[in-house]
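Have a look at the structure below before the remarks.
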Amino acid sequence: MAWRFKASKYKNAAPIVPKAEACVREISVGSYQTYGNNIAASAAFMAFNWEHSGSSVAVLPLDDCGRKSKTMPLLHGHTDTVTDLKFSPFHDGLLATASQDCLVKIWHIPEKGLEQSLSDPEAVFSHKQRRVETIGFHPTADGLMYSTAAGCVALFDIAAQKEIFSNNEHPEVIQSASWREDGTVLATSCKDKCVRIFDPRAAGSPIQMLAESHQSITDSRVVWLGNQTRILTTGFDAARLRQVIIRDIRNFNVPVKTLELDCSTGILMPLFDADTNMLFLAGKGDTTINYLEITDKDPYLIEGLRHTGEQTKGACLVPKRALKVMEAEVNRVLQLTSNMVIPIMYQVPRKTYRDFHADLYPETTGYRTDLVASEWLNGTNQAVPKMSLDPAKREHGDEPIVPRLGPKPFSSNTGDVSFDKVFAVPVAPGSHENISNVGQENCSDVPAPGAKPDLIVEIEIQKSHEREPSVAGNGNGNGVQKSLTTSERRKIFEQNSESSGNSTEGEDRTDADLRRFSAVRSSIAERRRVYESRSKSQVDDKAQSPVPLRRESSKVEPLKPSQQLSGNSNVMPASGIDSKRISVPEGKLMEEHRQRGNGAGLKKSATEAAFSAASTKRTSTVFGKVSKFRHLKGTPGHKSTHIENLRNLSRQIPGECNGFHANHERVAVPLSGPGGKIAIFELSRPGRLPDGVIPSLVNGSNIMDFQWDPFDAQRLAVACDDGIVKLWRIEEGGLSEPTNTPQGELTAHLDKIYFIRFHPLAADVLLTASYDMTIKLWDLRTMTEKCALTGHTDQIFDFAWSPCGKLGASVCKDGKIRVYNPRQSETPVREGNGPVGTRGARITWALEGHYIVCTGFDKVSERQISVYNAQKLTAPLNTASLDVSPSILIPYYDEDSSTLFVTGKGDSTIYCYEITDEEPYICPLSHHRCSSLHQGLSFLTKNHCDVASVEFSKAYRLTNTTIEPLSFTVPRIKSELFQDDLFPPTRITWSATLSAEDWFACNDKIAAKVSLKPEGMDTLSSKQQVPALAKKPDHSNFGSKSEYESNKQQEIQKSVSARMEYTTKLEQDEMEGVDENEWQE
């Protein structure tokens, strides 16, 4: 039979997606503009970027699943986005990360994974002020790592902690690199549209071959096809079509195969398995993962089954030795999405999975090598020994093949194999570690009697009980602590158990544990302990609020009064405290403080005091108590209340303008066309608008912003691009015809106006911000300028008054947030870093002016919400990322409920959050999803809410053709009562508190508060107190009443006992139970 008619064994490999319970869920992943895959995997762990900035890395066990907390341990090692991350092929716990902060860091992942956050790497390499793009390990030499930054390729010897090679001959940024399987040469793809073959050991120029590749500068990737003479690249052609090109280095300039896929912006990430010739193409932002098989002859690429699912943020392949070979799993792809890690198993269909299918699993590259970086650089080539995946031929049967999880203890010529000696972190003079090591310096060169001469120090699984003590206690004399692996502990437990059963490979982790501790193999008490330890709903009663992570150095006793009075800040406790910067949960700190009581009266620690104080504050909707507004509901008004048949809406309004404004009587909507028209619609006359000309205000110039006077429902201020603010007065009954005669005009600036803002408390005070980067305050009674604010260096995005009316905050295109006291100084009193995106931003105050909320974009155009302390603007307290969209998030803050509503023009979702004064500061509530896209949203004041229907906020929504009322309510059972826990006395913001003259004279007044309780309604709190009052005894007839009730109760008991059988024996007593000693365990 000709080769082309032979059916491939992997032709029908099918992608199998597990249920959501078997995936890692509720993670926080952003959108990163990097040349990396954003996720990496070894046979023991997976690692991926975390949160919107991507400067932290999450590391989880490979078989982990379930929901993940936002406070889980992370790697906090970089100050900017992590661009690439890779695990060593020889050590599953050795992770390398590269970042935009120009650093490459080496991390040691403990055997049990991250139990606490790490911020100190084992080694750091710098690229001298150049952003690091890609990193990777050498496939045959242990301890050899490469990295690329701009057009530089560098090689590092991790054992010697030094750079051993560097070359800058690439003219543009290197986008991808891949080693040949034998480790002799490197293939690179560059932004100059060329692909190169690179030999670092060659005499002269290391660039051996060069050929033109994809004709687009967009990200291209290269992967070497195993140990063949062919490479594969992915990229875009000149017409933006995605391409796959195969080249043979024997005829490098002529492509062997060019495959054009589709027209999409998703960057293809090629994942290739050299054992099976299976190629997976996952595009960033795509919902499909293509599977192709590579052949030696035409057609070279054969398409297999395609997987369609979630949108991809990153992808990687799992090493072959971690696959479930007894289930015919030939490959596993880890797909990273915005909130999940999905393990996709590619399984070859077979009639039975009882036996090992050797035809599917050729010998694969092992994980042991004797070649080191220095030997390879001197010209030595040595292939990594192959290993079999057949459980019958493996040393430990069908147990997963996992090497030593720590980093390799690289040695020098002296035979020292201690990892701590190689990756030596400088110890602070006088520290506990330094003092304890003083006496050991002289004997550090003496080899331990039990030290192995090999470079690799492994933990060998013992086969007999005689060798178990040596495994548990042997330190091997070289500083490497040996510990029992999971398989060892399982074997010991099975041998000690009364009866054993076979555990099925490939089961879900939780199910496998429960089956392992089945009724045949363990007691009820053990099963109960396993269930409780695995339960996801187990809650610590002590934790009332989100637990921030604290450094280990904070675990010190409080200073004594004598130490505090001495004023010496350098006084430290004399106890031996580990000074490494390792984060620990505060719950552990509280336990340690309690254990240090020495039997005397325990003092309350500062942590416990903070916990007790925080318990009375507003709590989180995620971690602590659930917010009262957690299940808020948005309800559009009935169609009879809509204003319909809107036409000619303007979509040319600048981004600084909200585009729609309403008060309780009428709404203002900008119309398209010349003249700067604004239509006014009366809310008292809903229904379908008649066809024809819509009565409007004709401003004569393009509209920049407009706003209703908060204290006068008939006055509208409109800012135009000629620097003039026009004041319009709408007569009762609304507009009947177009008009171009305003009540007054204010020539505010000589240039365009960004926006205008009325003062929230003082009447006739208007603020204008202009293209001349100044902000001016005006008295509308006299039409005069009172003060001007300076300090902005770029476009002003937004300005917001504080609730007290004394301060104002602005956000600018230069990435700064500024706080002004306009009547005291024209320059800002405080300044801090704001959103880095330049598309636009909004700002508002929260929690009685103690916090500032800012919406904007990050550097990858992802929309985000940040909360700042109004007194410390250096960095946000927390930032929540939403999605990637060009629309600016417009916030509205309800101060009574501390609810933040944010949405953008063209969105269909109104995002709702609660702003709190403790972590995480931004707590998501139930978002409201509208049936259509909206062009604007405007909220009314609190006095127009229907509190009898538990409506705590009311707004009007502008769509393409309608204006709809929108009501936000809270579900309550006793809705006939006034919910005074939801409606505290509210500030009067619908009438002026003081005049413009008083405000400019600094005669401040506090806004009065009024209760929203309607007449005749009872409050919820008064009804809840009635049962408590009824329990108070009446001392006048207490004795007679209690005697009468007790006698009556005794008579009822006697009559009932006489009519029915009474026995103290329970039905459970007849059942077969368990031994008492099992319950006592």
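The values are calculated or read from the model by the stated rules, or taken from the named source; none is laboratory data. This one's a predicted model, so the numbers in the text were calculated from it and none came from an experiment. Note: ideal-geometry Cβ built from the backbone for every residue, glycine included; neighbour counts use all protein chains shown. Surface areas here come from the heavy atoms of the whole protein model, side chains and all, with no ligands, DNA or RNA. Shrake-Rupley method; radii C 1.70, N 1.55, O 1.52, S 1.80 Å.
Would you call I302 surrounded by 18 or more Cβ atoms within 10 Å (Cβ to Cβ), closer than 28 Å to V185 by Cβ, modelled with pLDDT under 90 and not charged (D, E, K, R)? When the stated conditions are applied, I302 does not pass them. Taking the conditions (1) in contact (Cβ under 8 Å) with a residue 24 or more places away in the chain; (2) out of contact with any strand residue (DSSP E or B) (no Cβ under 6 Å at 6 or more places or on another chain) in turn, K351 satisfies each one other than (1).
In the list G285, G309, which residue meets the criterion of being among the small types (G, A, S) and touching a Gly at 6+ places or on another chain (Cβ under 7 Å)?
Sole residue among the options that is among the small types (G, A, S) and touching a Gly at 6+ places or on another chain (Cβ under 7 Å): G285.
Here I703 passes the criteria (1) within 45 Å of the chain's Cα centre (by Cα); (2) surrounded by 20 or more Cβ atoms within 10 Å (Cβ to Cβ); (3) closer than 29 Å to T993 by Cα except the one numbered (3).
Restricting P61, P89, P110 to residues that are more than 24 Å from A150 (Cβ to Cβ), under 22 Å from the mean Cα position of the chain (by Cα) and touching a residue at least 12 places away in the same chain (Cβ under 8 Å) narrows the list to P61. Given the structure, is C912 within 30 Å of S650 (Cβ to Cβ), open to solvent by less than 10 Å² (accessible area, probe 1.4 Å) and modelled with pLDDT of 90 or more? It is true that C912 is within 30 Å of S650 (Cβ to Cβ), open to solvent by less than 10 Å² (accessible area, probe 1.4 Å) and modelled with pLDDT of 90 or more. For the residues T1019, T969, T986, T962, the requirement of being β-branched (V, I, T) and within 27 Å of L689 (Cβ to Cβ) singles out T962.
Can you report the number of residues in region 322-359 which are open to solvent by less than 30 Å² (accessible area, probe 1.4 Å) and assigned to a helix (DSSP H, G or I)? Residues that pass the stated criteria total 2. When the criteria are applied in full, L261 meets the requirement of being in a strand (DSSP E or B), within 22 Å of L232 (Cα to Cα) and either of a type outside the set (S, T, Y) or open to solvent by 40 Å² or more (accessible area, probe 1.4 Å) (or both). The residues listed here are L144, L118; of these, the one that is over 30 Å from K193 (Cα atoms) and in contact (Cβ under 8 Å) with a residue 40 or more places away in the chain is L118.
Does region 287-294 include one or more residues that are more than 23 Å from T34 (Cβ to Cβ) and more than 36 Å from the chain's Cα centre (by Cα)? Within region 287-294, one or more residues are more than 23 Å from T34 (Cβ to Cβ) and more than 36 Å from the chain's Cα centre (by Cα). For P674, the criteria (1) touching a residue at least 12 places away in the same chain (Cβ under 8 Å); (2) more than 21 Å from I963 (Cβ to Cβ) hold in every case but one, which is (1).
Contact map, region 377-391: residues that are surrounded by 13 or more Cβ atoms within 10 Å (Cβ to Cβ) paired with residues that are aliphatic (A, V, I, L, M) and assigned to a loop (DSSP other than H, G, I, E, B), Cβ distance under 6 Å, separation 6+ or inter-chain. Pairs shown: Q382/L371. Would you confirm, using the coordinates I've provided, whether H638 is open to solvent by 20 Å² or more (accessible area, probe 1.4 Å), modelled with pLDDT of 90 or more and more than 16 Å from K905 (Cα to Cα)? When the stated conditions are applied, H638 passes them.
In region 921-928 there is at least one residue that is at pLDDT below 95 and open to solvent by 40 Å² or more (accessible area, probe 1.4 Å). In this structure, is A203 open to solvent by 40 Å² or more (accessible area, probe 1.4 Å), of a type in the set (A, V, I, L, M, F, W, C), modelled with pLDDT under 90 and over 21 Å from V372 (Cβ atoms)? When the stated conditions are applied, A203 passes them. Taking region 677-689 as the range and being over 27 Å from T768 (Cβ atoms), open to solvent by 50 Å² or more (accessible area, probe 1.4 Å) and in contact (Cβ under 8 Å) with a residue 24 or more places away in the chain as the test, the residues that pass are R685, P686, R688.
Just one of the numbered conditions (1) modelled with pLDDT under 90; (2) buried (at least 18 other Cβ atoms within 10 Å of the Cβ); (3) over 13 Å from Y346 (Cβ atoms) is not true of Q311: (2).
Of the numbered criteria (1) within 25 Å of S178 (Cα to Cα); (2) at pLDDT 85 or above, the one S31 fails is (2). Restricting attention to region 360-383, the residues being aromatic (F, W, Y) and in a loop (DSSP other than H, G, I, E, B) number 2. Checking each residue in region 785-795 for being in a strand (DSSP E or B) and either open to solvent by 50 Å² or more (accessible area, probe 1.4 Å) or within 16 Å of R830 (Cα to Cα) (or both) picks out E785, K786, L789. With respect to being closer than 23 Å to D751 by Cα and of a type in the set (G, A, S), A841 fits the description. Across region 800-846, the number of residues qualifying as hydroxyl-bearing (S, T, Y), within 19 Å of P876 (Cβ to Cβ) and open to solvent by less than 40 Å² (accessible area, probe 1.4 Å) comes to 3.
Scanning region 153-199 for residues that are crowded, with 19+ Cβ neighbours inside 10 Å and in contact with a helix residue (DSSP H, G or I) (Cβ under 9 Å, 6 or more places away or on another chain) yields L155, F156, D157, I158, A159, G183.
The set of residues in region 992-1028 being open to solvent by 70 Å² or more (accessible area, probe 1.4 Å), under 20 Å from S949 (Cβ atoms) and touching a helix residue (DSSP H, G or I) at 6+ places or on another chain (Cβ under 8 Å) consists of K1013 alone.
I'd like to check something: does region 969-991 contain any residue that is of a type in the set (A, V, I, L, M, F, W, C), touching a residue at least 12 places away in the same chain (Cβ under 8 Å) and open to solvent by 50 Å² or more (accessible area, probe 1.4 Å)? Yes. Just to verify a result, which residue in region 297-319, among those that are in a loop (DSSP other than H, G, I, E, B) and β-branched (V, I, T), is farthest from A7 (Cα to Cα)? So the residue we want is T312. The selection criterion, being over 18 Å from S953 (Cα atoms) and among the hydrophobic types (A, V, I, L, M, F, W, C), does not hold for L683. Within the option set P206, P171, being touching a strand residue (DSSP E or B) at 6+ places or on another chain (Cβ under 7 Å) and over 21 Å from L103 (Cα atoms) holds for one residue only, P206.
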